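For reference, the structure discussed in these notes is given below.
Read the figures in this text as sums done on the coordinates, not as results from a lab. Everything numeric here is computed off the predicted structure, so don't read it as measured data. Cβ placement follows ideal geometry from the backbone for every residue including glycine, while neighbour counts extend to all protein chains displayed.
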Amino acid sequence: MFGDLMGMMGKLKETQQRVEETKKRLDSVLIDENSSDGLLKVTLTANRLFKSIDIDDSLLEDKEQLEDYLILTLNKAIEKATNVNETEIAAVAKDGMPNIPGMDLFK
C-alpha cells in the first residue's frame, strides 16, 4: 500500500515539474491577432503576456474607434492564448496523473 502511495506521490511530483516546464515553454509561444481589416495587430504569449501592439496611423485620428478596435482584438487574442495555454497544461497534467479509482478528473 505504501509503495503504491509513494509511487503516486513521485508521479505527481514529476507531473508538477512537467507542468512548470510547460508554463515556461508557453512564454515563447506567440499568438498573433489582427483586426478584421488589419489596422490593428497584437502579439502575446500563450501565457497571456503582451509582446507588441501595432496600430495603423489612421486609427489614431478617432479615439473611440481605436478603443473599440483594441477591445475586440485584445479579447480575441486573449481567448486564443487561453485556449492554447489550457490545452497544453491539461495535456501534461492528464498524461502524468496516476490512475486513482473513482478519481476520473480528466474525461
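A few remarks follow.
- Sequence ranges 41-48, 16-23, ranked by mean other-Cβ count within 10 angstrom, highest first: 41-48, 16-23
- Cross-link partners for K23 among the lysines, with Cα-Cα distance under 19 Å and sequence neighbours closer than 8 places in the same chain left out: K11, K13, K51, K80, K94.
- Over segment 2-96, relative contact order from alpha-carbon pairs under 8 Å, at least 6 apart, %: 31 percent
- Under 5 Å, built H, 5+ apart or other chain: amide partners of A46: V29, I31
- For segment 2-96, the fraction of C-alpha pairs farther apart than 20 angstrom is 51 percent.
- One decimal place: the segment D95-D56 gains 9.7 nm when fully extended, by the rule 0.36 nm per residue minus the C-alpha distance.
- Backbone phi angles across segment 60-75, fed through the Karplus curve with coefficients 6.51, -1.76 and 1.60 (θ = phi - 60°), yield HN-Hα couplings of 6, 7, 10, 4, 5, 5, 4, 4, 4, 4, 4, 4, 5, 6, 5, 4 Hz in residue order; Gly and Pro are listed as x.
- Residue (of I89, N34, A46) at the positive-pole extreme of segment 2-96, dipole from beta-carbon charges: I89
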